[in-house]
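Comments concern the structure below.
The values are calculated or read from the model by the stated rules, or taken from the named source; none is laboratory data. Just so it is clear, the model here is predicted, and its values are computed rather than measured. No Cβ is skipped: glycine too gets one built from the backbone with ideal geometry, and neighbour counts run over all protein chains shown. Protein only, heavy atoms only, side chains kept; ligands, DNA and RNA dropped before computing areas. Shrake-Rupley method; radii C 1.70, N 1.55, O 1.52, S 1.80 Å.
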Amino acid sequence: MWKNREFRIRLEEDTMRDYERVMLTSGECNFFMPMGFMGEDEGEVVCYDCSGFAPIGSYRIEKTEDALYILENVLLIVGKSVEYLITPAKITINSDTVFYNKETGEVKIAYVPAAKGHASLRRNLAVFIRQLGADICDGKEKYLAEAARYILYHNYYIRDMVNKIGIFKRQLYKEKQQYNS
């Protein structure tokens, strides 16, 4: 995975469909990290161009508003992926595959196909939210916990999940304003 400022993974044969490979290497899906493939005897190695980006796991996210910003962007990426025939449930979403550019605030995902049996968008997002909230120290963790519950236990479209995160961000902002006045 992420080692020496490089992100590489080994894929077994037939892990990724041909059209997914074409879409992800074409540069059309600019919300995914650019990737290239190198063949090997027992599969292939995928190399990602991470220039300017680092995995979320290498940052210490202490504010709930920052975690909600990242989560909202991840949901937007997942929502856009269907336009390119990438199944959202097949995207591995965790602190190793979600990348952040500190200078621009841009969030991207390194597309790694979810392991067979682990292809559940809701479960993947809930685990990711738990990872995002690991270092939160502003006392507002309840918003992340509520987001995880909302995603896990309700059958909403991705757009509805994004809207709910927007509501949480507004509530958090309102609380902050009330506290400062």
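Could you tell me whether region 58-67 includes any residue that is under 12 Å from the mean Cα position of the chain (by Cα) and without any contact (Cβ under 8 Å) to a residue 60 or more places away in the chain? Can you show your working first?
So in region 58-67, the residues under 12 Å from the mean Cα position of the chain (by Cα) come out as 67.
Filter once more, so that each one left must be without any contact (Cβ under 8 Å) to a residue 60 or more places away in the chain: none.
For region 58-67, residues under 12 Å from the mean Cα position of the chain (by Cα) and without any contact (Cβ under 8 Å) to a residue 60 or more places away in the chain: absent.
Kindly provide the set of residues from region 7-30 that are part of a helix (DSSP H, G or I) and more than 20 Å from the chain's Cα centre (by Cα), ordered by number. Walk me through how you get there before you give the answer.
First, pick out the residues of region 7-30 that are part of a helix (DSSP H, G or I): 18-25.
Asp18, Tyr19, Val22, listed by residue number.
Please identify the pairs in which a residue from region 125-151 that is assigned to a helix (DSSP H, G or I) has its Cβ atom under 6 Å from the Cβ atom of a residue that is of a type in the set (Phe, Trp, Tyr), counting only partners at least 6 apart or on another chain.
That search, which allows pairs on different chains as well, returns Tyr143/Phe168.
Those residues that are open to solvent by less than 70 Å² (accessible area, probe 1.4 Å) and either in a loop (DSSP other than H, G, I, E, B) or among the acidic types (Asp, Glu) (or both), I need them from region 46-61; list them, please.
Scanning region 46-61 gives Cys50, Gly52, Phe53, Tyr59, Ile61.
In this structure, does Arg122 turn out to be assigned to a helix (DSSP H, G or I), in contact (Cβ under 8 Å) with a residue 40 or more places away in the chain and of a type in the set (Lys, Arg)?
Details: assigned to a helix (DSSP H, G or I): yes; in contact (Cβ under 8 Å) with a residue 40 or more places away in the chain: no; of a type in the set (Lys, Arg): yes.
It is false that Arg122 is assigned to a helix (DSSP H, G or I), in contact (Cβ under 8 Å) with a residue 40 or more places away in the chain and of a type in the set (Lys, Arg).
What number of residues within region 152-181 are modelled with pLDDT of 90 or more and not in a helix (DSSP H, G or I)?
Matching residues across region 152-181 total 1.
Could you give every pair whose Cβ atoms fall below 9 Å, whose first residue belongs to region 72-94 and is surrounded by fewer than 22 Cβ atoms within 10 Å (Cβ to Cβ) and assigned to a helix (DSSP H, G or I), and whose second residue is of a type in the set (Asp, Glu) and at pLDDT 95 or above, counting only separations of at least 6 or pairs across chains?
Matching pairs, first to second residue: Asn73/Glu106.
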